[in-house]
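Trainee: Okay, handing you the structure first.
The values are calculated or read from the model by the stated rules, or taken from the named source; none is laboratory data. What you are looking at is a predicted structure, and each value in this text was computed from that prediction instead of being measured. Every residue, glycine as well, gets a Cβ built from its backbone with ideal geometry; the counts of neighbours run over all protein chains shown.
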Amino acid sequence: MATAKTKAKVKTKSPAAEKAKQAIIGAVDMKDYNFYDNLSTSEERNEFSPFLLMRFTSSAQGDFDTQEWYLDRTNELVNKNYSDISKNHKALQWKLYAAVGGGAKCFHQYLAAGKKGKANKIEKLLCELHPATKLEEIKLMASLMDQADITELFDKMGFDKQQRKDYE
């Protein structure tokens, strides 16, 4: 007996909510420490979702240094002690997000939680380069790298053809 699958309704955000999200991410990029304090209504403050913002800020697009900056700073400043301050200290949490910003606007893509799997070779190299970094973060860094970033990394490390082959 065949069962009919029902399509889940996709909840779409209003244009005002999308604009608010862009304003929040832009304020993080520009290090606007007073942004949260200047929100006038509770609806505006409700758009500040610390967990979702963490997913956005940790995934900046740009060169490898920019990506690494946002990922590292988000982990060091926002993710540490997240559960201790997330409930009652939204203003403090906002200031930590503002400290993550690089001072210039850049595109941030939302990264959904990934599936666990075997580490690929570039992840292995990143683990060797950053031994104190968590595997989840290594996987995130590797997923953000395109072939040009990998080639640039190999060039900076002075890898010859054989060494590149070991990690490709």
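Trainee: Of the residues 73, 55, which is basic (Lys, Arg), touching a residue at least 40 places away in the same chain (Cβ under 8 Å) and either out of contact with any helix residue (DSSP H, G or I) (no Cβ under 7 Å at 6 or more places or on another chain) or not assigned by TED's automatic domain parsing to the domain that holds residue 149 (or both)? First the steps, then the outcome.
Mentor: Values: 73 fails: touching a residue at least 40 places away in the same chain (Cβ under 8 Å).
Exactly one of 73, 55 is basic (Lys, Arg), touching a residue at least 40 places away in the same chain (Cβ under 8 Å) and either out of contact with any helix residue (DSSP H, G or I) (no Cβ under 7 Å at 6 or more places or on another chain) or not assigned by TED's automatic domain parsing to the domain that holds residue 149 (or both), namely 55.
Trainee: Within the stretch 25-52, track down each residue that is closer than 19 Å to residue 76 by Cα and modelled with pLDDT under 85.
Mentor: Scanning the stretch 25-52 gives 49, 50, 51, 52.
Trainee: Consider residue 147 against the criteria (1) surrounded by fewer than 17 Cβ atoms within 10 Å (Cβ to Cβ); (2) in the same structural domain as residue 37 (by TED's automatic domain parsing): it satisfies all of them except one. Which criterion is unmet?
Mentor: Exception for residue 147: condition (2).
Trainee: Something else: Please tell me if residue 79 is within 24 Å of residue 30 (Cα to Cα), touching a residue at least 12 places away in the same chain (Cβ under 8 Å) and touching a Lys or Arg at 6+ places or on another chain (Cβ under 9 Å). Don't jump to the end; show me each part of the working.
Mentor: On the way: within 24 Å of residue 30 (Cα to Cα): yes; touching a residue at least 12 places away in the same chain (Cβ under 8 Å): yes; touching a Lys or Arg at 6+ places or on another chain (Cβ under 9 Å): no.
Criteria not met by residue 79.
Trainee: Pairs please, first residue from the stretch 149-167 and within 20 Å of residue 68 (Cβ to Cβ), second anywhere and assigned to a helix (DSSP H, G or I) and charged (D, E, K, R), Cβ atoms under 9 Å, 6+ apart in sequence or on different chains.
Mentor: 150/164; 151/164; 154/164; 159/166; 167/121; 167/124
Trainee: Considering the stretch 115-167 alone, what residues qualify as being more than 17 Å from residue 58 (Cα to Cα) and either in contact with an Asp or Glu (Cβ under 6 Å, 6 or more places away or on another chain) or among the hydroxyl-bearing types (Ser, Thr, Tyr) (or both)?
Mentor: 151, 167
Trainee: Please note which helices (runs of 4 or more DSSP H) are completely contained in the stretch 91-168 and include at least 1 residues that are among the acidic types (Asp, Glu) and under 30 Å from residue 23 (Cβ atoms).
Mentor: Values: elements: 121-129, 135-144, 147-157, 161-167.
Those helices (runs of 4 or more DSSP H) span 135-144, 147-157.
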